[in-house]
Amino acid sequence: MSGAVYALNLFNVADRDEYLAYSRRSAQEVQAHGGRVVALGKFREAAAGEIKPRAVLILVEWESKEAFDGYCNDPKIADLHPHREKGASDYVWHLFDKLEDLRPILK
């Protein structure tokens with residue numbers, strides 16, 4: 001499937017300084033690589049489901065899976081990703097294809 005994808009990021013902050021080092025550059029790099037932060041959130045409460053809560057939510061819309069991969073694999077910013085890895089714990093990073101409606105899933 002081509003087109004936009006959403007990256008759902010759920011995590012806890014493990015090292016404030018490391019995550020700050022990541023966040024100082026990441027928004028600019030995400031945008032430069034074809035991404036756009038759609039939502040930021042702080043956990044409030046579990047409404048349903050049996051997933052271990054994470055404190056932070058970040059939802060990023062990427063122009064394509066290739067744009068996401070470009071961000072992850074760009075050697076010019078290889079020094080950036082270790083800050084995220086050291087700064088976050090219990091990380092969930094899932095990709096979802098953008099849909100206009102649910103018909104493709106409900107077939």
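Restricting segment 44-66 to residues that are among the aliphatic types (A, V, I, L, M) and more than 16 Å from Ala27 (Cα to Cα), which is surrounded by the most Cβ atoms within 10 Å (Cβ to Cβ)?
Ala55
How do the pairs read when you match residues in segment 19-31 that are free of Cβ contacts under 8 Å to residues at least 40 places away in the same chain with residues anywhere that are surrounded by fewer than 20 Cβ atoms within 10 Å (Cβ to Cβ), using Cβ under 8 Å and keeping only pairs 6 or more apart or on different chains?
Qualifying pairs under 8 Å: Ala27/Val37.
May I ask you to list the residues in segment 21-34 that are in contact with a strand residue (DSSP E or B) (Cβ under 7 Å, 6 or more places away or on another chain) and under 21 Å from Gly87 (Cα atoms)? Please lay out each step first, then the result.
Here is the first cut: in segment 21-34, the ones in contact with a strand residue (DSSP E or B) (Cβ under 7 Å, 6 or more places away or on another chain) are 27, 30, 34.
Of everything in segment 21-34, those that are in contact with a strand residue (DSSP E or B) (Cβ under 7 Å, 6 or more places away or on another chain) and under 21 Å from Gly87 (Cα atoms) turn out to be Ala27, Val30.
List the number of the failed condition for Asn12; all other conditions in (1) among the polar types (S, T, N, Q); (2) under 25 Å from Ile105 (Cα atoms); (3) surrounded by 14 or more Cβ atoms within 10 Å (Cβ to Cβ) hold.
Just one mismatch for Asn12, condition (2).
All but one of (1) touching a residue at least 12 places away in the same chain (Cβ under 8 Å); (2) of a type outside the set (A, V, I, L, M); (3) loosely packed, with under 12 Cβ neighbours inside 10 Å hold for Tyr91; which doesn't?
The failed condition is (3).
So is Gly34 surrounded by 15 or more Cβ atoms within 10 Å (Cβ to Cβ) and of a type in the set (Gly, Ala, Ser) or not?
yes
Select from segment 27-54 the residues that are basic (Lys, Arg) and part of a strand (DSSP E or B) and list them in ascending order.
Within segment 27-54, Arg36, Lys42 qualify.
Being closer than 17 Å to Gly3 by Cβ and of a type in the set (Phe, Trp, Tyr) is the filter here, so list the residues in segment 72-95 that pass it.
Hits for segment 72-95: nothing passes.
Which of (1) under 16 Å from Val56 (Cα atoms); (2) in a strand (DSSP E or B) is the odd one out, the single condition Glu18 does not satisfy?
With (1) under 16 Å from Val56 (Cα atoms); (2) in a strand (DSSP E or B) applied to Glu18, the lone miss is (2).
Conditions (1) among the acidic types (Asp, Glu); (2) in contact with a Leu (Cβ under 8 Å, 6 or more places away or on another chain); (3) modelled with pLDDT under 95, marked per residue:
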| residue | (1), (2), (3) |
| --- | --- |
| Ile51 | no, no, yes |
| Val56 | no, yes, no |
| Gly70 | no, no, no |
| Ile77 | no, no, no |
| Leu80 | no, no, no |
| Glu85 | yes, no, no |
| Ala88 | no, no, no |
| His94 | no, yes, no |
| Leu106 | no, no, yes |
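Quick check on this structure: which one of Asp79, Asp69 is outside any loop (DSSP other than H, G, I, E, B) and either of a type in the set (Asp, Glu) or surrounded by fewer than 16 Cβ atoms within 10 Å (Cβ to Cβ) (or both)? Don't jump to the end; show me each part of the working.
Values: Asp79 fails: outside any loop (DSSP other than H, G, I, E, B).
Exactly one of Asp79, Asp69 is outside any loop (DSSP other than H, G, I, E, B) and either of a type in the set (Asp, Glu) or surrounded by fewer than 16 Cβ atoms within 10 Å (Cβ to Cβ) (or both), namely Asp69.
The values are calculated or read from the model by the stated rules, or taken from the named source; none is laboratory data. Because the structure is a prediction, the values reported are computed rather than measured. Quick reminder, even Gly has a Cβ in these numbers, built from the backbone with ideal geometry, and neighbours come from all protein chains shown.
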